[in-house]
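The values are calculated or read from the model by the stated rules, or taken from the named source; none is laboratory data. Treat the numbers as computed from the prediction; the structure is a model and nothing was measured. No Cβ is skipped: glycine too gets one built from the backbone with ideal geometry, and neighbour counts run over all protein chains shown. Ligands, DNA and RNA are stripped out before the accessible areas are found, and what is left, the full protein with its side chains, is counted by its heavy atoms. Shrake-Rupley method; radii C 1.70, N 1.55, O 1.52, S 1.80 Å.
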Amino acid sequence: MMTLDELKNDIATCHKCPLWEGRTNVVFGVGNPDARVLIIGEAPGKNEDLQGEPFVGAAGQYLNELLAFAGLERKDVFIANVLKCRPPNNRDPLPEEIETCSPYLREQTRIINPEFIVTLGNFSTKFILKTEVGITRLHGTLQQTGRFKVFPIFHPAAAIYDRSKREVMEQDFRTLRRLLESQ
């Protein structure tokens, strides 16, 4: 079985889609390789591309706060994205980019073997659950895909732009805490 370091090295030289041409860094993911919780966002933003780490900007700071509601810290979880390279101007990922990059996320998931996958936002939720149902309907509900428990939550950036989502997101992370404690 491949290790996370071997996978990271494979991704570092990826040229499978045009996104590699504009990247500063591949954003592989970071965290506990034996995590019970794998958190999946959609794609790196500007700060993530520059630092080579997911969720380092304002959304990342808020994610750190939200993790505390679940009784977690960044060191307890593994954080990754569907895409490993930043789309230009932070545009939404294209279906062909998701398809091209998804084997990497699948392999990360297989290696980490989390108990829970927390999807942040529409893209990761729709991808992981293979659904067209949006995050507004699915957030805060426990889903199952294969052997994984999937818990969709709004993307932290959504609460930065729409502060009314903060209470809902904090409640969703409290629910995640209860789920983790009951397992």
Notebook entry, point to check: For the range 80-183, which trypsin sites (Lys or Arg not before Pro) are in a loop by DSSP, counting at most 10 other Cβ atoms within 10 Å?
Noted result: Arg91, Lys130, Arg147, Arg163
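With the other protein chains left in place, how much accessible area per residue, in square angstrom, belongs to the range 27-104 at a 1.4 angstrom probe?
Numbers: 3210 Å² over 78 residues.
With all protein chains present, the range 27-104 gives 41 Å² per residue.
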Next item on the list: Pop a pseudo-label 7 angstrom from the Cα along the beta-carbon direction at both Thr3 and Cys17 and give the gap in nm to one decimal.
Entry: 2.9 nm
Next item on the list: Distance from a point 7 Å along Cα→Cβ of Ile160 to each backbone N in the range 33-76: keep the residues under 11 Å and list them by number.
Entry: 45-48, 55-63
Checklist line | Whole-Hz ³J(HN,Hα) from phi, Karplus 6.51 cos²θ - 1.76 cosθ + 1.60, for the range 155-170, glycine and proline x | finding: 5, x, 4, 4, 7, 6, 7, 9, 4, 5, 7, 4, 4, 4, 5, 4
Next item on the list: Amide H neighbours of Ile39 under 5 Å, at least 5 residues apart or on other chains, H built in the peptide plane: list them.
Entry: Phe78, Ile79, Ala80, Val118
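If each residue of separation counts as 0.36 nm, what is the full-extension length gain between Asn89 and Thr145 once their alpha-carbon separation is subtracted?
Working: separation 56, 0.36 × 56 = 20.16 nm, distance 3.19 nm.
Taking Asn89 through Thr145 to full extension adds about 17.0 nm, to one decimal.
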Check: Lys/Arg Cβ at +1, Asp/Glu Cβ at -1, dipole of the range 75-183 taken about the Cα centre: which of Leu179, Gly146, Ile111 is farthest positive-ward?
Finding: Leu179
Checklist line | Phi-based couplings in Hz for the range 24-30 (Karplus 6.51, -1.76, 1.60; Gly and Pro marked x) | finding: 8, 9, 6, 10, 5, x, 8
Margin query: Give me a comma-separated list of calculated 3J(HN,Hα) values for the range 41-56, in order, Karplus coefficients 6.51, -1.76, 1.60 applied at θ = phi - 60°, integers in Hz, x for any Gly or Pro.
Written below: x, 9, 7, x, x, 4, 5, 5, 4, 5, 9, x, 9, x, 6, 10
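Quick one: compute the contact order of the chain, relative version, from alpha carbon pairs under 8 angstrom and 6+ residues apart, as a percent. Please report the intermediate quantities before stating the final value.
Details: 309 pairs, mean separation 44.8, N = 183.
Relative contact order, the chain: 24 percent.
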Next item on the list: Please report how far the C-alpha centroid of the range 82-103 lies from that of the range 38-73, rounded to the nearest whole angstrom.
Entry: 17 Å
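For Cα pairs less than 8 Å apart in space and 6+ apart in sequence, what is the mean separation divided by the residue count of the range 105-159, i.e. the relative contact order in percent? Provide the component values of the computation, followed by the final result.
On the way: 69 pairs, mean separation 21.2, N = 55.
Reported relative contact order: 39 percent.
Ignoring any ligand, DNA or RNA, what whole percent of the accessible area of the range 1-58 comes from carbon and sulfur when the probe is 1.4 angstrom?
On the way: 1440 of 3060 Å².
So the carbon and sulfur contribution to the accessible surface is 47 percent.
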Item checked: Simple Cβ-charge dipole of the range 35-97, Lys/Arg +1 and Asp/Glu -1, about Cα centre, in debye nearest 20 -> 120 debye
Checklist line | Residues whose placed amide H lies under 5 Å from that of Val150, excluding near-sequence neighbours | finding: Ile117, Gln143, Gln144, Thr145
Check: If you place +1 on the Cβ of every Lys and Arg, -1 on the Cβ of every Asp and Glu, and leave all else neutral, what size is the dipole of the chain about its Cα centre, to the nearest 20 Debye?
Finding: 360 debye
